[in-house]
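The values are calculated or read from the model by the stated rules, or taken from the named source; none is laboratory data. The model shown is predicted, which means the values in this text are computed figures rather than measured ones. Every residue, glycine among them, receives a Cβ derived from its backbone with ideal geometry; neighbour counts consider all protein chains shown. Surface accessibility is based on the protein's heavy atoms, side chains included, excluding ligands, DNA and RNA. Shrake-Rupley method; radii C 1.70, N 1.55, O 1.52, S 1.80 Å.
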Amino acid sequence: MLQMLVAPDLSVGRSVAATPPFGVSLRDGGLDTVWVRVVGELDVATAPRLAQTLRSAELCARRLVLDLRELAFMDCGGMRVIVNASVRACQAGCRLVIVRGPLPVDRVFKLTGAAAALEIIDLYAADPPVQTLVQIGADVAQSPVPQTLQGSIVGHAPLPEGGEIGADSG
């Protein structure tokens, strides 16, 4: 006699959260700071939108806060955009502070060694953003620019002219 095995539907009674579509927004954070918020998946297809937003933000303030808490996924294309923005900020005497994202996003920075070259902070929902900005401002006077951002990236040769990794040359 033929028996049929049926796998139970484990999704019954559970809501499966879909990854939100990619989005990036910026807002004035006061104190010469722009907050850039990224949601969804940051990959080779969406990275140019983040790059454009970060370049716009760089023109508006001397301190950028890149909030990755709502980012579900990031590949090396997204990481490259963030590292390049950090290098540009350093070269311009500005500052890029990254609010740590979820574990899969944070893992990309750690596995590539970029975490050591970036300023990554933890910010929890209960933390008032103004208090965080004041702390970031206090830290800037006490912490020198990481050596790894003064012209080269960890484990790589000095940056090409223009200061960007993977930048088109023509």
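Quickly work out the SER56-to-ALA115 label distance, labels modelled 7 Å from Cα along the C-beta direction, and quote it in nm with one decimal. Going from the ALA115 label point to the SER56 one covers 3.2 nm. Only Cα pairs under 8 Å and 6+ residues apart enter the sum, and on that basis the relative contact order of region 14-67 stands at 39 percent. For region 13-76, the per residue solvent-accessible surface stands at 56 Å², with DNA, RNA and ligands left out and a 1.4 Å probe.
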